[in-house]
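Read the structure below first, then the notes.
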Amino acid sequence: MAFPSVVGGAVWWEEGRPEEGRTTLMRRDADGTVTELLPAPWSAGTRVHEYGGRAYLPVPRRDDKAIARMGVVFSSSADQRLYLLEHGSREPVPLTPDDGASSRYADPALSADGRGVLCVRERHEDGAVHRSIVSVPLSGRGAQDPSAVRELVSGADFYASPTPSPDGAHLAYVRWNHPRMPWDGSELRVGALDGSGLSGEYTLKGGVDESVVSPVWADDATLYVASDWPGWWNLYQAGMTGQAIALYPAEEEFHAPPGRLGDRSFCVLDSGRIVALHGHADMTPSVYDPDTLDLAPVRTGLTTWSMLDTDGRTVVAVASSPTEPQCLVRLDPGSGSVEVLRRVTEKLPDAAYLPVPRRETLPGRYGAPVHANVYPPTNPDVVAEGPAPYVVWAHGGPVSASTLAFDPVKAYFTSRGIGVVDVNYGGSTGYGRSYRKRLHKEWGVVDVEDCVAAARALVEQGVADPDRLAIRGPSAGGYTALMALTGDTFACGVSLFGVTDLLGFGETTHDFESRFLDTLVGTLPGFAERYRERSPVNRAADIDVPVLLLQGLEDKVVTPDQATAMATALGRCESPYALLEFEGEAHGFTAQDVRVRALEAELALYARVFGFEADVAPLELVTAPPPTRPEPEPETRSQAPEPAGEAGTEAAGEGGTPGKDGDAGEAPRSAGAAVTD
């Protein structure tokens, strides 16, 4: 469930169908009727930046009686083209040309005249990636005439948030360039928009050491934007010229990290007030009044809010809590009432089995704070005796955060007597720029130290058993987990599509993160030796505990050779491991049966190492390198390559990149020779 939109009494959102391997679009009408708009096999999803983002937009349409009805523009996972689904229709029509999925579109915004949408376009041609902001007519001319899709601005490496002014005279947008990521430094740009395109552009706010996010027009000449210039993402008001004014300076975040296009954390009402999410890793809503300068919190039991949208009167969002699953909510800013419109699931486990987390700031190395959420073992049928086994969770990103949102995976382990400590290590978002910058040039060091410190702090508190500690993580968190296993703190570890070879990652990963390691590790070639020293694949001899490697074979972010190389290195050292590879899965598992298989394998590892019986099949560990995978056969003229857009549905959970429609449920591959007890 993601990216809700509201117009009048109707609400739209994206909703995953993991059992079908796709993402559909939903609409809830004013009378409460819920309609699924996209029939199978249609799937909405964009692969811009690989991590995607908002892939649809409701748009006003008029029939032959001039009655306004809302259609939907969306990006198709299959071919990455934009399509228009008219109100009441079941057959979308294309808006952009068929170019073999070399063009991808995201973050759409309606033009001021309502005749087109502005969006970010990403084109893959001859091994290079080009991005721009384009205007796509709703008439459908662009499907047959590529020139009808008009490029408004290009030249930068990345773009986000195309936002036309209400009168259509100006366009605001955000841009940044390699090697920076959007949370490092970006610019808010404004230009004059007319029939001939965009002109007279200039930077209004931002720079190489300032991150600006999500511009919103308050009127034809005034913008609101979030900027971390003071060290936290705070809200600012900016005119067309002059200095921007801070609205409510505070040492907390007023915007989520800009990792996915179209994720907005504040919105402007017709009354002029602003509904904004704010906090640390978890954010909740408040209403800001620019006349009184008051920030009034909305009282809600939901701890974790994201993805705001408004029609000027009401606000919709996605929200959750430790005991409330992700849900679509509607907020009345006047009364402060919060209405749950839809839950991701109505089948909840018994609340007695759900852990109640506690936020803790634990002591790290040299006294540095380590933020963490601790989930104790929770089972009403069992009385715990003595310290419990604990698993340290290292989130992906690494510039991301763990929240208190409902997570049945944590309950899966805590209900079986295994505690979880979810660590927001140095580099995490939610705690200001200085906390994020702790990871600069220190990835593989600070994150590992903080995870180890969290585990040892729980041991010192007497709640965790020092002999039964594990660590796991997805993507960047998988890298942290593997690096932590080179020490003597953990008895086993799990890497879900984790980075294992930093030099190889820099060569094979996608363009969006291709220069990320410049900040996290250092620039090449000068820091090549540091890359080698901090690569788990080169530290396999230091790992003498069991390791579980889980990898999708369609991963374009952390490519499958990373897991294979790690398994090979462990096998050559005769270290016990298991490698499970999943056909059709990308960076973040989407198919339901694959998720179950991966989860059961992880539990089986803990059962084997911690010494308890589990209600899953045993996990076979091996101590020999995996067999060499045969090279793919070269393509012939009669065997056209599969278009990149076939890998499309948004992945749930950390990782967040698109998965793949279709064969996501095949059995995993395993490799190596069995360990004998």
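Where a number appears in this text, it was derived from the coordinates with a stated rule and is not lab data. Only a predicted model underlies this, so the values are computations on that prediction, with no experimental measurement involved. Here Cβ is always computed from backbone atoms with ideal geometry, including for glycine, and neighbour counts include all displayed protein chains.
Overview of values
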| read-out | value |
| --- | --- |
| Exposed-site-free run, longest, the chain (rule: GluC sites (Glu not before Pro); DSSP loop; at most 10 other C-beta within 10 Å) | 1-345 |
| Dimensionless Rg ratio for region 363-448, taking C-alpha atoms and the 2.2 N^0.38 Å reference | 1.23 |
| Förster-model FRET efficiency, 35 Å R0, Ser196 and Gln237, C-beta, rounded to 0.05 | 0.70 |
| Proximal charge balance of Arg150 [Cβ under 13 Å; K/R count +1, D/E count -1] | 0 |
| Within region 1-112: Cβ-based charge dipole about Cα centre, in debye rounded to nearest 20 (Lys, Arg +1; Asp, Glu -1) | 240 |
| For region 143-200 versus region 408-436, the gap between their alpha-carbon centres in whole angstrom | 36 |
| J(HN,Hα) series, region 106-117, from Karplus relation 6.51 cos²θ - 1.76 cosθ + 1.60, nearest Hz, glycine and proline x | 7, 6, x, 9, 6, 5, 4, 8, x, 9, x, 10 |
| For region 265-346: rounded, prolate or oblate by the Cα gyration tensor [a/c cutoff 1.5] | prolate |
| Value at 222 nm in deg cm²/dmol, rounded to 500, when DSSP H runs of n ≥ 4 in the chain each add -39,500 (n - 2.57) | -3500 deg cm²/dmol |
| For the chain, alpha-carbon Rg relative to the globular expectation (2.2 N^0.38 Å, N residues) | 0.94 |
| Stretchable slack from Asp350 to Ala541, in nm (0.36 nm times residue separation minus alpha-carbon distance) | 64.4 nm |
| Charge dipole (region 265-346, unit charges on Cβ, about Cα centre) - positive-most of Cys267, Leu328, His278 | Leu328 |
| Shape of region 96-157, Cα gyration tensor, a/c cut at 1.5 | oblate |
| Crossing angle, helix 592-610 versus the chain [Cα axis fit, 0-90 degrees, rounded to tens] | 30 |
| Length-normalised contact order for region 1-112 - Cα pairs under 8 Å, 6+ apart - percent | 18 |
| Potential extension, Ser271-Ser139 segment - 0.36 nm per residue separation minus Cα distance | 44.2 nm |
| Cβ-derived FRET efficiency at R0 35 Å, Arg629 paired with Lys441, nearest 0.05 | 0.50 |
| For Arg61, Arg468, Arg299, order by how many other beta-carbon atoms lie within 10 Å, fewest first | Arg299, Arg61, Arg468 |
| With eigenvalues of the C-alpha gyration tensor scaled by 5 and rooted, region 1-112, Å | 22, 17, 13 |
| Share antiparallel - DSSP beta bridges, the chain, percent rounded to 5 | 85 |
| Non-local Lys pairs in the chain, i.e. 8 or more apart or on different chains, that have alpha carbons under 29 Å apart | 10 |
| Distance from region 527-564 to region 294-367 (C-alpha centre basis), Å | 36 |
| Sites Thr361 and Glu91, calculated FRET efficiency, Cβ-Cβ separation with R0 56 Å, nearest 0.05 | 0.55 |
| Cβ charges +1 (Lys, Arg) and -1 (Asp, Glu), total dipole of the chain, debye | 860 |
